[in-house]
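Read through the structure below, which is laid out as structure tokens, and then see the notes.
Values quoted throughout were computed directly from the atomic coordinates according to the rules given, and no laboratory measurement underlies them. It should be emphasised that the depicted structure is a prediction, and the values quoted were computed from it without experimental measurement. Cβ coordinates were reconstructed from backbone atoms using ideal geometry, including for glycine residues, and neighbour counts include every protein chain displayed.
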Amino acid sequence: AALNEVKGYKDVGKAMDARAEKMSDEFFKDIFRMSAFSDSIVLSTKLNPIGLGLITVFSGIIAHRLLHQGLYTRGAITKGKMIHTLEVAVGAGLIKAYELERKAAIYPRILLDECLLSDVFALEAQGKSPPLRRQDSDGLWHLHILHPEMIEMIRSTSTSEYESLDRPYMEIGR
């Protein structure tokens, strides 16, 4: 489960709900869920390597795109059971992500909970995921949304207008 809070952007819910409805009808229907309420975006996946890859990449893409609009995100990705439909998001996974976001992600970043770090490192070691994480000065791990490989993934799904905005951030992220 991942919870991302968007600072300064209360209308993000409508856009995310529309995107979630489109995605729920496609390949992601049984693997990936996304919904929004108030200033929060909730993502959930099945607990497997594909799900972990999806949730980290989508969280990074969302945070990166919002950054280009001048909006900062705080959030957390963790493991936990939950029920997540287009109408409902409830469960221990959501509560855990919420608590991490509130207590530990005190400035804009998407934390990776300690309980899934070994899974993240395993994916990277197997070559199934680039190193899209970074350890902060407080010892906590978070998504590295400015990593050059993250930016390349974003570029592959973006319009040319959006791509032109990436260059300054790519230099900062190295």
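Taking the Cα centre of region 36-133 as the origin, how large is its charge dipole in debye, to the nearest 20, when only Lys and Arg (+1) and Asp and Glu (-1) carry charge on their Cβ atoms? Provide the component values of the computation, followed by the final result.
Numbers: 11 positive and 8 negative charges, 12 e Å.
In total the dipole reaches around 60 debye.
Could you derive backbone 3J(HN,Hα) for region 91-106 from the dihedral phi with the Karplus parameters 6.51, -1.76 and 1.60 (θ = phi - 60°), listing whole Hz in sequence and x where the residue is Gly or Pro?
Values per residue, Gly and Pro as x: x, 4, x, 5, 5, 5, 5, 4, 5, 4, 4, 6, 8, 10, 8, 6 Hz.
Sort 80-91, 56-67 by the packing proxy (mean of other Cβ within 10 Å over each peptide's residues), most packed first.
56-67, 80-91
Once you charge only the Cβ atoms, +1 for Lys and Arg and -1 for Asp and Glu, what is the size of the charge dipole of region 83-150 about its Cα centre, to the nearest 20 debye? Mind showing how you got there, number by number?
Numbers: 7 positive and 10 negative charges, 15 e Å.
Using only the charged Cβ atoms, the result is roughly 80 debye.
Given labels modelled 7 Å from the Cα in the Cβ direction, how far is it in nm from residue 117 to residue 137?
1.9 nm
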